[in-house]
Each structure stands twice: as C-alpha cells, then as structure tokens.
Amino acid sequence: MGKSIGLGAKQDELKGRLQHYRSLPEYILDGVGALFQRLFNPKAARTRTTFLPPDASQQENEAFPSYWLNGVAIAFFTFLAGWVVAAVTGRVLSVDEVKLMSWAVLTGALALIANKVNIRAFLNTFRDSCADKILRVADIVPFHC
C-alpha cells in the first residue's frame with residue numbers, strides 16, 4: 001500500500017502541533033511553574049524564547065518546576081485567598097469551615113494535576129505511536145494539519 005504524497009510532512013506537522021498543545025489545566029499549572037522559575041531560577045527561564053516551555057511533555061527534563069509543586073502552590077494560594085476574604089469581611093472561620101476549605105483546595109489542585117498527567121499520557125501515546133501508523137493524508141486532514 002503506497003503512501004500519499006506529503007504524508008510524512010503532514011505526520012510531522014501533526015506531531016509538532018501535539019508537542020505544543022496544552023489544555024487549560026496545563027496552562028494553569030505550567031504558568032505557575034514558569035512564574036516560579038522566573039523568580040527562583042531566572043537564568044533557566046531566560047534561556048527559553050517563550051514564557052512556557054515549548055514541549056509540555058519534556059519540560060521536566062529542562063529544570064522546570066514539577067507540576068506537583070505547582071499544584072501545592074495553587075492550593076496554598078487558593079486557601080490563602082479564601083482566608084483573606086474571610087478576614088477582610090470580619091468573619092472568623094470555624095474548624096469545620098477550615099477543614100472544608102482545605103479539602104476543596106487540595107481536591108482542586110489534585111484535579112489539575114490528574115488532568116495534566118492524563119492529557120500528557122494520551123498525547124504522548126498518540127504522538128509517538130499512532131501518528132506514525134496513519135497511512136493517508138486524508139486521515140490527517142480532520143486534525144486541521
């Protein structure tokens with residue numbers, strides 16, 4: 001079965017798009033990581049030409065902060081924001097409210113992390129194996145490449 005003209009180029013373009021794709025939770029986690037990197041390791045941040053690492057799948061290999069650290073930071077700052085709002089409005093939080101708020105921010109951070117891990121696993125699997133098995137350009141066209 002012969003390959004259509006331009007199939008290799010279309011496959012490479014599809015792989016490139018998958019390499020740069022980020023879902024909204026990834027933008028949130030990676031954005032916090034990029035801010036951390038700019039604050040604590042500005043030399044590594046300056047070596048990139050973009051705010052976020054270009055390949056979301058390889059960023060951990062580039063001294064980029066772990067998404068676990070980023071998720072914990074998001075949980076902490078979300079909890080802090082809730083506590084500040086309560087303090088500004090003059091409300092004293094009960095022990096049960098603090099427990100509920102802690103559970104909510106940790107669950108939210110864990111949902112961001114789980115989404116990032118699952119999206120990356122799917123896209124890496126598709127990019128590394130499935131894209132090479134596509135035999136016709138017509139099969140790639142629906143991906144807008």
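Using the Cα gyration tensor of segment 5-69, with a ≥ b ≥ c the square roots of its eigenvalues, what is the shape: rounded (a/c below 1.5), prolate (a/b larger than b/c) or oblate (neither)?
It comes out prolate by the Cα gyration axes.
If Rh is defined by the Kirkwood formula over all Cα pairs and Rg also comes from Cα, what ratio Rg/Rh do you get for segment 32-72?
Over the Cα atoms of segment 32-72, Rg/Rh equals 0.91.
For segment 1-96, run through the trypsin sites (Lys or Arg not before Pro) and keep only the ones in DSSP coil with at most 13 other Cβ atoms within 10 Å of their Cβ.
Within segment 1-96, the qualifying trypsin sites (Lys or Arg not before Pro) (loop, at most 13 other Cβ atoms within 10 Å) are Lys3, Arg91.
Determine, for segment 7-140, the count of lysine pairs separated by eight or more sequence positions (or lying on different chains) whose alpha-carbon distance falls under 27 Å.
Number of lysine pairs found: 7.
Shape of segment 7-140 from its Cα gyration tensor (a ≥ b ≥ c, root eigenvalues): rounded if a/c is under 1.5, otherwise prolate when a/b > b/c, or oblate?
prolate
Going by average Cβ neighbours within 10 Å, how do the peptides 57-63, 82-88 rank, with the highest at the top?
57-63, 82-88
Between Thr125, Gln11, Leu69, whose Cα lies farthest towards the positive end of the dipole of segment 7-140 when Lys and Arg beta carbons carry +1 and Asp and Glu beta carbons carry -1, centred on the Cα centre?
Highest projection toward the positive end goes to Gln11.
FYI, it's all coordinate maths here, none of it is from the lab. What you see is a predicted model, and the numbers here were worked out from it, not measured in a lab. Cβ: placed from backbone, ideal geometry, glycine included. Neighbour counts: every protein chain shown.
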